[in-house]
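Colleague: Pasting a structure here, questions to come.
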Amino acid sequence: MQDIIKLLSDSLEQPPIGQTKSFTWLVTPMGIAALCRTKEPALKPPFEMAVKEGVEVAIDLSREEREFHQTEQGLVLLFYS
């Protein structure tokens, strides 16, 4: 688990591929990451909101596997095949 967090943290330092109202979008070695721009804790990860906003940056995430990770930078939603 720590390896994934390390890879995500490293990827979050790279320039984003886009931004939407709620997320900063990045490419990672594992897939597409959506860094939540709000710092308020959520009861459950906002995957459906990310799928909707992903369309705004030309990313269709509707069929991707998904998981979430808490990093020092915030909550990251990870989408991968």
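Colleague: Taking the Cα centre as origin and putting +1 on Lys and Arg beta-carbons and -1 on Asp and Glu beta-carbons, what dipole magnitude results for the chain, to the nearest 20 debye?
Modeller: Computed charge dipole of the chain: roughly 200 debye.
Colleague: What accessible area per residue comes out for the chain, rounded to a whole number of Å², with a 1.4 Å probe?
Modeller: 66 Å²
Colleague: Once volume of the Cα convex hull per residue in Å³ is worked out from the coordinates, which option in [x] 155; [y] 89; [z] 136 does it equal?
Modeller: The calculated read-out lines up with [y].
Colleague: How many nm separate the modelled label positions at residue 10 and residue 43, each set 7 Å beyond the Cα in the direction of the Cβ?
Modeller: Taking the two extended label points, one gets 3.8 nm.
Colleague: Given the whole protein assembly as supplied and a 1.4 Å probe, what does the accessible area of residue 38 come to in Å², nearest 10?
Modeller: Rounded to the nearest 10, that gives 90 Å².
Colleague: Identify the GluC sites (Glu not before Pro) of the chain meeting these criteria: DSSP loop state and at most 10 other C-beta atoms within 10 Å of the C-beta.
Modeller: Here the GluC sites (Glu not before Pro) that fit, given the DSSP loop and packing criteria, are 13, 72.
Colleague: Right, another one. At most 11 other Cβ atoms within 10 Å and a DSSP loop assignment: could you name the trypsin sites (Lys or Arg not before Pro) in the range 6-64 that fit? Present the calculation step by step, with values, prior to reporting the outcome.
Modeller: Values: sites: 6, 21, 37, 39, 52, 63; in loops: 21, 37, 39, 63.
Sites meeting the loop and neighbour criteria: 21, 39, 63.
The values are calculated or read from the model by the stated rules, or taken from the named source; none is laboratory data. All figures in this text were calculated on a predicted structure; none of them were measured in a lab. Please note: Cβ atoms are built from the backbone with ideal geometry, for glycine as well, and neighbour counts cover all protein chains shown. When the accessible area is computed, the model is the full protein with side chains, heavy atoms only, and any ligands, DNA or RNA have been set aside. Shrake-Rupley method; radii C 1.70, N 1.55, O 1.52, S 1.80 Å.
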